[in-house]
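In what follows, a structure is listed as structure tokens, so that the remarks can point back to it.
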Amino acid sequence: MRPRTKRRIERIGRSGSALVISLLGSSYLAACGPEVVDHGDWMLGTFSRVREGAIESGLTRYTLHDDGVFEMVNIYNCGEQEETIAEHVWRHRTDGSVEVYDPDEGKVVGGYDAYVIYQTEDCGELLFSVIYRGNVIDESTFYRGVMCMQDLPPCEGGFECDTCMTVWCDGSPPPCEDEG
């Protein structure tokens with residue numbers, strides 16, 4: 001028997017009507033027929049929790065691809081090592097947000113139920129929520145753009161100092177369309 005969170009939508013009659021199902025405590029709309037909702041592409045691209053110039057020894061990039069794949073890549077040791085730590089899937093929710101989930105394991109990285117991502121007024125930012133047992137347990141702002149790590153010059157005088165910081169990999173992201 002399949003777990004309740006892995007329900008499959010079965011064809012209901014011949015009416016082409018919409019079916020609302022409940023998964024992880026949220027409602028999702030599954031439509032049959034020609035009605036297609038355009039949710040836009042605000043969620044597509046690569047994001048991270050840090051901005052340019054952050055003093056860090058590593059970072060995680062979060063990428064939402066247009067084929068429904070959500071990828072997390074950790075960058076370690078001042079950018080010398082990269083490791084894909086997770087590939088999940090994402091889907092649109094009826095409230096306009098995006099849910100990241102794992103259809104096979106049922107949990108995302110960290111053992112959480114899902115991540116829910118919301119559009120903000122700033123096209124360069126997303127609100128990223130972590131869901132555990134149906135509750136939001138953490139919310140963070142994520143910033144658009146592909147961040148890399150850069151070594152800092154060595155310290156003089158024998159003091160301990162920072163070794164690397166975040167920089168744009170290929171330049172800062174383009175401005176929002178409405179900023180021309």
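Values quoted throughout were computed directly from the atomic coordinates according to the rules given, and no laboratory measurement underlies them. As the structure is a prediction and not an experimental result, all values here were calculated from the model. Using ideal geometry, Cβ is built from the backbone for each residue, glycine included, and neighbour counts are taken over all protein chains shown.
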J(HN,Hα) series, segment 62-78, from Karplus relation 6.51 cos²θ - 1.76 cosθ + 1.60, nearest Hz, glycine and proline x: 10, 10, 9, 8, 5, 8, x, 8, 10, 10, 10, 10, 8, 10, 10, 6, 6
Explain nothing, just compute: Karplus ³J(HN,Hα) = 6.51 cos²θ - 1.76 cosθ + 1.60, θ = phi - 60°, for every residue of segment 164-173 in order, whole Hz, x for Gly and Pro. 7, 9, 7, 9, 5, 5, 10, x, 5, x
How many nm is it between the label spots at Asp151 and Glu121, if each spot is 7 Å from the Cα in line with the beta carbon? 4.4
